[in-house]
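Step one of this worksheet: look at the structure below.
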Amino acid sequence: MKPFTFKQFEIQQSKEVFRVGTDGVLLGALADVERASNVLEVGTGTGLISLMLAQRNPRAEFLGVDINKDAARLTQLNFENSPFYTRLKNFHQDFKTFDTQDRFDLVVSNPPYFEESGSEKDKIARQTVELNFRQLITKASMLLSENGIFSVIIPVEAEEVFVLTGKEIGLFLCHRVNIKGIENSKTKRLVLEFSLQEQEINESDFIVEKSPRQYSDQYLELTKEFHVFK
């Protein structure tokens with residue numbers, strides 16, 4: 001497959017691994033990485049999100065895990081070919097059994113987001129087959145540092161279950177970004193961030209396109225250090 005070229009790095013892609021998409025770009029650009037020194041990405045896919053975060057925070061160290069062997073191999077390739085390779089590590093690992101003494105200032109994930117269907121296409125990356133929301137939230141809460149942030153992008157329909165599950169486990173919503181695919185449409189995705197401390201929720205809105213195939217000024221500003229716009 002054709003690689004996806006960003007300003008400071010290139011993403012090699014594969015038919016076996018979920019491709020570069022808007023959700024990953026948004027999370028890589030919006031997740032609260034500025035104060036982090038130790039970052040964990042769950043389900044790296046191509047490695048896009050960690051690479052974007054590494055560009056945004058030149059001091060942080062990154063660890064990625066993915067249960068998909070092809071994804072782990074592809075992430076490793078993209079990490080090694082990037083200018084940030086000395087700060088990036090990656091493992092082929094089931095997050096449910098991932099064991100470490102480290103604690104992370106940021107745990108970030110673009111998680112599986114619909115229940116299992118008959119389709120084999122992108123099965124692990126796109127469905128709650130290997131890792132459901134409760135398992136993800138539970139494990140993430142155990143790996144956060146005291147002031148750490150857990151950051152995800154999910155469909156708006158999943159918000160209630162995700163937020164309530166987090167609260168049960170002891171992770172509290174602190175930041176919500178309402179993402180609309182196009183201006184004057186309904187919210188489609190949410191970037192949600194959680195903390196171990198209950199606090200006031202900071203909320204903002206984000207529009208990807210101002211008209212079909214025309215990026216909004218907001219999106220162009222957010223991604224100007226990453227995208228190569230022609």
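The values are calculated or read from the model by the stated rules, or taken from the named source; none is laboratory data. Everything numeric in this text was worked out from a predicted model, so none of it was measured. Backbone-built Cβ (ideal geometry, glycine too); neighbour counts: all protein chains shown. SASA here: full protein model, heavy atoms, side chains in, ligands and nucleic acids out. Shrake-Rupley method; radii C 1.70, N 1.55, O 1.52, S 1.80 Å.
Here is a check on your reading of the model: is T100 more than 20 Å from S195 (Cβ to Cβ), at pLDDT 95 or above and open to solvent by less than 50 Å² (accessible area, probe 1.4 Å)? Before you say what the answer is, go through the steps one by one.
On the way: more than 20 Å from S195 (Cβ to Cβ): yes; at pLDDT 95 or above: yes; open to solvent by less than 50 Å² (accessible area, probe 1.4 Å): yes.
Yes, satisfied.
Looking at the range 13-26, I want the residues that are within 15 Å of A72 (Cα to Cα) and among the acidic types (D, E) and have a partner that is open to solvent by less than 60 Å² (accessible area, probe 1.4 Å) and part of a loop (DSSP other than H, G, I, E, B) with Cβ atoms under 9 Å, at least 6 apart or on another chain. Which pairs are those?
E16/N68
Is it the case that E34 is free of Cβ contacts under 8 Å to residues at least 24 places away in the same chain and open to solvent by 60 Å² or more (accessible area, probe 1.4 Å)? Steps first, answer last, please.
Numbers: free of Cβ contacts under 8 Å to residues at least 24 places away in the same chain: yes; open to solvent by 60 Å² or more (accessible area, probe 1.4 Å): yes.
It is true that E34 is free of Cβ contacts under 8 Å to residues at least 24 places away in the same chain and open to solvent by 60 Å² or more (accessible area, probe 1.4 Å).
Anything in the range 85-97 that is open to solvent by 80 Å² or more (accessible area, probe 1.4 Å) and either part of a loop (DSSP other than H, G, I, E, B) or farther than 17 Å from T138 by Cβ (or both)? List them, or say none. Break it down stepwise before answering.
We begin by selecting, within the range 85-97, every residue open to solvent by 80 Å² or more (accessible area, probe 1.4 Å); these are 85-86, 89, 91-92, 97.
Within the range 85-97, Y85, T86, K89, F91, H92 qualify.
Identify, by number, the condition in (1) charged (D, E, K, R); (2) surrounded by fewer than 15 Cβ atoms within 10 Å (Cβ to Cβ); (3) under 27 Å from L220 (Cα atoms); (4) at pLDDT 95 or above that K2 doesn't meet.
(4)
Report yes if some residue within the range 26-42 is basic (K, R) and within 15 Å of the chain's Cα centre (by Cα); otherwise report no.
Within the range 26-42, the first condition is being basic (K, R), and the residues that meet it are 35.
When the remaining residues are screened for being within 15 Å of the chain's Cα centre (by Cα), the result is none.
No, the range 26-42 has no match at all.
Inside the range 43-69, can you point out the residues that are open to solvent by 60 Å² or more (accessible area, probe 1.4 Å), closer than 23 Å to D99 by Cβ and not basic (K, R)?
Passing the criteria: only E61.
Is it true that L192 is touching a helix residue (DSSP H, G or I) at 6+ places or on another chain (Cβ under 7 Å) and without any contact (Cβ under 8 Å) to a residue 60 or more places away in the chain? Before you say what the answer is, go through the steps one by one.
On the way: touching a helix residue (DSSP H, G or I) at 6+ places or on another chain (Cβ under 7 Å): yes; without any contact (Cβ under 8 Å) to a residue 60 or more places away in the chain: yes.
Considered against the rule, which asks whether it is touching a helix residue (DSSP H, G or I) at 6+ places or on another chain (Cβ under 7 Å) and without any contact (Cβ under 8 Å) to a residue 60 or more places away in the chain, L192 comes out as yes.
In the range 14-31, what residues are open to solvent by 30 Å² or more (accessible area, probe 1.4 Å) and polar (S, T, N, Q)?
Scanning the range 14-31 gives a single hit, T22.
Residues checked against (1) under 24 Å from T44 (Cα atoms); (2) touching a Pro at 6+ places or on another chain (Cβ under 8 Å); (3) modelled with pLDDT of 95 or more:
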| site | (1), (2), (3) |
| --- | --- |
| A140 | yes, no, yes |
| N147 | yes, no, yes |
| T165 | yes, no, yes |
| R213 | no, no, no |
| S216 | no, no, yes |
| E221 | no, no, yes |
| E225 | yes, no, yes |
